[in-house]
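Asks: I'd like to ask some things about the structure below.
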Amino acid sequence: MIFKEINCYIYIAYNTYYISSNMFNYKNLLYIISLVIFFSCHGHHAINSKDPAEIIEKKEQLSLNKDYSTLGELIYTINFQVKTDNVNDYEDGFIPWIQLEKPDADMANLHNKDEIVLNNSSVEILIDYPLNKEYKFTITSEKGFTREQLLHAISKQYYILYEEEENSATVKTVPLEKRTTMYNRNETDGKYGIWGHDIADLVLSSILVYRSNNGKTILALQIES
């Protein structure tokens, strides 16, 4: 790629010299070409010097420190815990999250999965991780929502988002088996700008329940990876 760019610049510089031969001598032309090559190479190096791992780390930090106070008043938090026999890693016998890729695999052990945690008939859910452009969608239920209902709705929507991202992106997702320099999912440039993680990486630990100024209930997801 660098050599193609250099050849292009040399071609332009040569033609400039040919057309304006009365203004430049041969030494001037060589000097111009040298400058073009120098800045081209250094510019290319600067672009590629960005470490994808560092970029992901910065995005992770921004996500951890995100302020949701603009959504309204924080009413309460809905936690998701999965019962486990692995007390060596989880002393209280509960994993403090549940996976989004295959939620049914852990659903039987989801603590209080049938408890009505929202009495609303309609709620708006905000998805912003790992997205550059946040997304909101609305779900409805006459009898309110249980943890199981919320989890299924969120998991389903993530699959839709990832599919829409892939279909709208020019930079496609590098398949897992072809990732050589970094295990994480590469950032794509589709509708939402998904970065850093496949669905298989994502788990839901809790949901922050906000009430907006106009009385709307908005859910902010605490997604981890």
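Derivation of every value follows stated rules applied to the coordinates shown; laboratory data play no part. Quick caveat: nothing in here was measured; it's all calculated off a predicted structure. Cβ placement follows ideal geometry from the backbone for every residue including glycine, while neighbour counts extend to all protein chains displayed.
Asks: Within the range 173-205, name every residue whose backbone N is under 11 Å away from a label modeled 7 Å from Cα of Glu166 along the Cβ vector.
Replies: Counting backbone N atoms under 11 Å from the label point, the list is 173-176, 199.
Asks: List the lysines whose alpha-carbon lies under 23 Å from that of Lys143, not counting same-chain residues fewer than 8 positions away?
Replies: Hits, sequence-local ones excluded: Lys113, Lys156, Lys216.
Asks: Among the aspartates and glutamates, which have Cα under 19 Å from the Cα of Lys191 when same-chain residues fewer than 8 positions away are ignored?
Replies: Cross-link targets: Asp128, Glu134, Glu163, Glu164, Glu165, Glu166.
Asks: Also, I was wondering about something else. Going through the range 120-213, which GluC sites (Glu not before Pro) have at most 13 other Cβ atoms within 10 Å and a DSSP loop state?
Replies: Numbers: sites: Glu124, Glu134, Glu142, Glu148, Glu163, Glu164, Glu165, Glu166, Glu177, Glu187; in loops: Glu134, Glu142, Glu187.
Sites meeting the loop and neighbour criteria: Glu134, Glu142.
Asks: Report the full-extension gain for the segment Asn119 to Ala53: residue separation times 0.36 nm, less the Cα-Cα distance, to one decimal in nm.
Replies: Difference between extended and current length: 19.6 nm.
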